[in-house]
1. Only Lys, Arg, Asp and Glu count, each charged at its Cβ (+1, +1, -1, -1), so figure out the dipole size of the chain about its Cα centre, rounded to 20 debye.
2. Explain nothing, just the number: relative contact order of the chain, from Cα pairs under 8 Å at least 6 residues apart, as a whole percent.
3. Report, in order of residue number, the helices in the chain meeting two criteria: a C-alpha extent of 24 Å or more along the helix axis, and a mean Kyte-Doolittle hydropathy of at least 1.0; treat each whole DSSP H run as one helix.
4. Report, by chain and number, residues whose modeled amide H sits under 5 Å from the one on N50, excluding near sequence neighbours (fewer than 5 apart, same chain).
5. Using Cα-only point scatterers and the Debye equation, what is log10 of I(q)/I(0) for the chain at each q in 0.14, 0.15, 0.16 Å⁻¹, rounded to two decimals?
6. For the range 2-84, what relative contact order do you get, as a whole percent, if you take Cα pairs closer than 8 Å and at least 6 residues apart?
7. Please give the calculated 222 nm ellipticity per residue for the chain, where each DSSP H segment of at least 4 residues contributes -39500 (n - 2.57) and the sum is spread over every residue; nearest 500 deg cm²/dmol?
8. Assuming R0 = 30 Å, what is the FRET efficiency of M1 and L21, from their Cβ-Cβ distance, to the nearest 0.05?
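Here, each number is a calculation from the coordinates, and none is a lab measurement. Fair warning: this is a prediction, and the values are worked out from it, not measured in the lab. Every residue, glycine as well, gets a Cβ built from its backbone with ideal geometry; the counts of neighbours run over all protein chains shown.
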Amino acid sequence: MRYKSIVNSFQKSLVIIIVTLVSIAFYLNPLTSGLASFVLGGLLTYTLLNEFYVIEGNVLNITKGFERKAINVHDIELLNCVKVRDNVLVEIYGKEQKVVVKPKLTLEFIAHLKKVNPDIHIQNFNLADSMLDRVADIK
């Protein structure tokens, strides 16, 4: 299952700044600086906005821009949920690693991980186990 990431206001602001600067560079000199700015701006925008998480079998694949990371779900020991403004970020603690993800469907994401590995502990998230079970039953 593929889970999209939350795009926060900082990322949206950066994309607006990039588009503005690329437009100005393209207007001033379309052939050289405009084309180079367009390519670099596209790469930066892709890096900022291309973030998603895929759970396939026992593996959680995390894609953030050009960076890709695979984590065995059975190696995950703890999920720490942190509320930042209106968003819930999930810190994933495993064997000698820590990764922060921000899935749009946080409950479903956590329930899916718990379904694969029931031994995962959830911290700082006021959820009853029955609620996680109901979300997992929806799948």
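1. Values: 16 positive and 13 negative charges, 72 e Å.
So the magnitude is around 340 debye.
2. On the way: 201 pairs, mean separation 28.2, N = 139.
Once normalised by length, the contact order is 20 percent.
3. Numbers: long enough: 9-28 (29 Å, 1.88).
Passing helices, by number: 9-28.
4. So N50 has HN proximity to G65.
5. Cα-only, vacuum Debye calculation for the chain: -0.70, -0.77, -0.83.
6. Working: 84 pairs, mean separation 19.4, N = 83.
Dividing the mean separation by the residue count of the range 2-84 yields 23 percent.
7. Details: 4 runs with 56 residues, N = 139.
Estimated from H runs of four or more residues: -13000 deg cm²/dmol.
8. Numbers: r = 37 Å, r/R0 = 1.22.
The formula returns an efficiency of 0.25 here.
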